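First up is the structure itself, then whatever we jot down about it.
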Amino acid sequence: MIRMQMTRITQILTDFKNKLLLSVSISVISVICVLCIFSIHSFSAASVWQKPDLIDAGTGDAFRTSLAFDHYGNAIVVFEQNTDGVYRIYANQFLSDKGGWQRPVIIDAGPRNAHISRVAFDHIGNAIAIFKQSDGNIYRIYANNFIRDKGWQKPVAIDGGSGDADGHQITFNADGNAAVVFEQKLKGIYRIFANQYRGKEGWQGAVAIDKGEGNGYFPYPAFDYHGNIYVIYYKEEGSGLEVYISRYDKEKKIWSEPFRLTDGQTIVKHEDWNKKRGHVNRGITGIYNPLFLPEIKKRIYAGSYTYNVKRFETPSKIDSRFRDAYTPSVVSDKSGQIFAFFVKWDGEHQRGYTAVYREDGWSKPEIIDAKGGDVEHIRAAINSAGEIALVFAQWVDTKVTSHQSPVTSLRIHARLYSPDSGWGEAKIIDAGEKDAYGPNVIYNGDNEIIVIWCQWEVETVKTYRNDYIKERNWGKAVRVEMEDETCGGCGLRIAASPDGMLIAIFELKVSVKERTKIYALEGR
């Protein structure tokens with residue numbers, strides 16, 4: 001079956017090879033969703049796609065991938081895979097001058113469960129992979145450095161060691177410095193920590209960058225063009241979740257006092273809380289208000305997962321419906337402006353907001369979503385001209401006919417920003433009918449945008465995409481995988497090298513009896 005599917009994917013890629021314009025900059029799209037074999041509708045007449053390669057270690061179910069390119073056309077993928085009853089972190093290299101994919105190697109700290117790996121490159125071809133792993137008592141955050149021409153080094157713990165850690169993210173700047181942020185329990189409270197990596201100096205040590213007695217969640221870091229670091233996150237405060245920004249000043253070498261973006265004034269409006277609480281427990285929706293924090297924390301911090309075999313419920317899919325749905329986003333332009341995007345409960349609905357940092361400080365948050373219901377999965381991308389593509393999922397009431405009650409469905413929206421004209425209108429860009437979630441967005445150069453997301457079809461979730469070209473506007477949403485309704489998986493990643501090399505990796509499970517495998521496609 002797999003061989004037939006591999007042959008089919010090559011045919012599909014060839015049929016659509018005239019439709020994709022490849023990026024000339026390093027770019028990554030991450031989508032967590034259920035999918036089958038992935039194919040790319042190519043806009044480039046020169047694109048030639050290879051057959052999919054099996055790139056995992058073959059030891060058991062493999063999940064939660066992360067992918068990055070260096071500036072030389074080489075790539076690294078990291079993932080977790082069940083090996084002898086324990087989840088280990090593996091890495092596999094794509095070397096353009098050595099025939100492509102090499103053999104996967106274990107890069108974690110030993111034979112204990114390890115989860116959620118992420119990888120990023122610096123400007124000279126070195127990389128850092130981070131992951132959480134049990135030390136026998138608590139989950140800690142580890143980092144393993146990859147040195148070009150030397151390979152992987154020994155993993156080291158980079159957290160504070162005070163308690164369970166999670167929610168780790170990594171980013172590099174143009175100077176080769178990295179920032180890792182994460183949540184870690186300290187005296188019974190989840191605090192937000194940051195650890196910096198500076199070239200020859202190495203790791204600087206984990207420091208708490210938040211304040212107060214409430215739990216902190218979902219940190220997301222970004223460098224500006226001057227080397228300062230901005231971290232956006234949520235804090236439990238009073239009766240709600242407030243949004244904060246912590247800033248590291250490169251010149252002063254200190255973290256500033258956390259700045260609260262939101263005002264803390266929420267008027268609670270009547271809703272059927274018990275009904276929504278049931279939705280949260282089933283994974284349909286997420287944190288709408290503080291009343292649901294106990295339920296959401298059980299799913300976010302669960303050490304194990306219960307699988308629904310019929311719907312191929314995997315760790316990657318659960319991540320997409322919970323933690324990934326509420327992680328904020330930050331982008332910076334060359335003039336020093338910082339754009340923050342996040343979701344916040346307004347007492348009735350969870351709305352999408354933006355706030356901007358300029359020379360005179362942070363602006364007041366403004367609603368950025370479309371009119372409708374709750375918002376999740378807010379993501380942004382910025383190009384060299386300072387234009388921003390924003391995507392998010394929002395619940396919308398759709399009246400089918402004049403005689404029927406409104407049908408509420410989760411739809412994918414896009415909104416574009418120009419430095420000259422500001423924000424345009426929010427537009428629905430998905431395929432319609434069934435719920436859609438998990439949008440991610442990327443710029444291909446300065447003039448093309450690709451958005452990819454997951455959308456339900458009958459009993460399975462499929463992957464869709466829509467492209468924006470300035471001369472044409474948004475196109476029509478198209479499915480990007482095969483028609484086989486029986487297969488499933490998740491964990492799609494796409495990355496492009498500076499010279500137009502494109503790699504797509506995905507999880508594939510062809511039947512309930514088969515393990516989940518990780519495949520890769522290369523194109524140019």
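Which of the residues spanning segment 192-229 are surrounded by fewer than 23 Cβ atoms within 10 Å (Cβ to Cβ) and of a type in the set (F, W, Y)? Once the filter is applied, which keeps residues that are surrounded by fewer than 23 Cβ atoms within 10 Å (Cβ to Cβ) and of a type in the set (F, W, Y), segment 192-229 yields Y197, W203, Y220, F223, Y225.
Just a yes or no: is a residue in segment 86-98 free of Cβ contacts under 8 Å to residues at least 24 places away in the same chain and either buried (at least 18 other Cβ atoms within 10 Å of the Cβ) or part of a strand (DSSP E or B) (or both)? Checked against the condition, which is being free of Cβ contacts under 8 Å to residues at least 24 places away in the same chain and either buried (at least 18 other Cβ atoms within 10 Å of the Cβ) or part of a strand (DSSP E or B) (or both), segment 86-98 yields at least one hit. In the set (1) surrounded by fewer than 22 Cβ atoms within 10 Å (Cβ to Cβ); (2) assigned to a strand (DSSP E or B), the condition left unmet by A109 is number (2).
Please work out which residue is surrounded by the fewest Cβ atoms within 10 Å (Cβ to Cβ), limiting yourself to segment 172-187 and to residues that are more than 16 Å from D210 (Cα to Cα) and either at pLDDT 95 or above or not charged (D, E, K, R) (or both). Filtering first and then ranking leaves A174. Could you check, for segment 127-137, whether at least one of its residues is on the phi > 0 side of the Ramachandran plot and in contact with a helix residue (DSSP H, G or I) (Cβ under 6 Å, 6 or more places away or on another chain)? Within segment 127-137, none of the residues are on the phi > 0 side of the Ramachandran plot and in contact with a helix residue (DSSP H, G or I) (Cβ under 6 Å, 6 or more places away or on another chain). Within segment 469-524, restricting attention to residues that are at pLDDT below 85 and polar (S, T, N, Q), the residue that is surrounded by the fewest Cβ atoms within 10 Å (Cβ to Cβ) is S511. Taken over segment 328-379, the criterion of being of a type in the set (D, E, K, R) and either in a strand (DSSP E or B) or closer than 15 Å to R260 by Cα (or both) is satisfied by K344, R351, R358, K364, E366, E376, R379.
Note on segment 188-197: residues that are of a type outside the set (A, V, I, L, M) and at pLDDT below 95 amount to 2.
If you go through segment 406-440 and keep only what is under 16 Å from W395 (Cβ atoms) and polar (S, T, N, Q), you end up with T408, S409. Specify the residue that is farthest from the chain's Cα centre (by Cα); the eligible residues are those in segment 175-190 that are of a type outside the set (A, V, I, L, M) and more than 23 Å from H123 (Cα to Cα). Looking at the filtered set, the residue picked out is K187.
Taking first residues from segment 59-78 that are over 15 Å from Q102 (Cα atoms) and partners that are of a type in the set (K, R) and in a loop (DSSP other than H, G, I, E, B), the Cβ contacts under 8 Å between residues at least 6 apart in sequence or on separate chains come to G60/R515; D61/R515; A62/R515; D70/R148.
Restricting attention to segment 337-366, the residues that are aliphatic (A, V, I, L, M) and more than 22 Å from the chain's Cα centre (by Cα) total 0.
Residues in segment 50-93 that are in contact with a Pro (Cβ under 8 Å, 6 or more places away or on another chain), farther than 26 Å from D324 by Cα and of a type in the set (D, E): D84 only. Counting only residues that are free of Cβ contacts under 8 Å to residues at least 40 places away in the same chain, of a type in the set (K, R) and within 17 Å of A426 (Cα to Cα), segment 354-390 holds 1 of them. The listed residues are I158, I147, and the only one of them that is closer than 30 Å to G188 by Cβ, modelled with pLDDT of 95 or more and of a type in the set (A, V, I, L, M, F, W, C) turns out to be I158.
The values are calculated or read from the model by the stated rules, or taken from the named source; none is laboratory data. Quantities reported herein were computed from a predicted structural model and do not represent experimental measurements. All Cβ positions, even for glycine, are placed from backbone atoms using ideal geometry, and neighbour counts span all protein chains on display.
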